[in-house]
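The structure appears right after this line, and notes come after that.
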Amino acid sequence: MTFQCNADTSYLASKVNLQGSANPQICTSASNNGAVYTASCASTLSAYATRQTLFWYADVANTSATPTLNIDTLGAVTMVRQDGSSLAINDIKAGALYRIWYDGTNTRVVEAGLAAISGSGVTTTRGLFAS
């Protein structure tokens with residue numbers, strides 16, 4: 001175990017700056033509901049912050065064009081595509097990891113709605129983390 005006395009917090013990560021827009025973390029859903037998702041993060045969030053970026057594991061596919069996501073019981077926020085348009089049913093896939101960010105009003109799902117592509121006999125969904 002290492003202890004640091006008189007640490008300069010401008011160089012060391014803290015819980016506060018780990019949940020900011022510069023340092024995303026992973027949140028996981030276990031709601032089993034494709035219209036009303038709930039999730040918890042590795043480090044519990046104390047508030048939503050504009051431009052806050054997170055990585056989110058969806059437990060089930062979305063069954064609504066306007067699903068909500070309530071992270072760490074901070075309140076349900078409507079989920080939309082990156083461009084702000086409504087999601088289509090099944091834009092969110094069960095077990096997939098998505099990059100999401102809070103725009104001050106909605107949670108934007110960056111990879112949602114991207115078309116499947118195929119190459120070398122493998123089919124994937126465009127985006128960094130969707131499958």
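The solvent-accessible area of residue 110, taken with every protein chain present and a 1.4 Å probe, is close to 30 Å².
Under 5 Å from the amide H of residue 52 lie the amide H atoms of 102, each residue being 5 or more positions distant or on a separate chain, with H modelled from the backbone and absent for Pro and chain starts. Shape descriptor for the stretch 18-104: Rg over Rh equals 0.92 (Cα atoms; Rh from the Kirkwood inverse mean 1/r). Between residue 57 and residue 90, full extension at 0.36 nm per residue minus the direct alpha carbon distance yields a gain of 10.4 nm. Less than 5 angstrom separates the built amide H of residue 62 from those of 90, 91, 92, all sequence-distant by 5 or more or on a different chain. For residue 87, the accessible surface of its heavy atoms amounts to roughly 10 Å² (probe 1.4 Å, protein chains only, rounded to the nearest 10).
The values are calculated or read from the model by the stated rules, or taken from the named source; none is laboratory data. In this text the structure is predicted, and so the values were computed from the model without any measurement. For the accessible areas, the whole protein counts, side chains as well, though only heavy atoms, and no ligand, DNA or RNA atoms are used. Shrake-Rupley method; radii C 1.70, N 1.55, O 1.52, S 1.80 Å.
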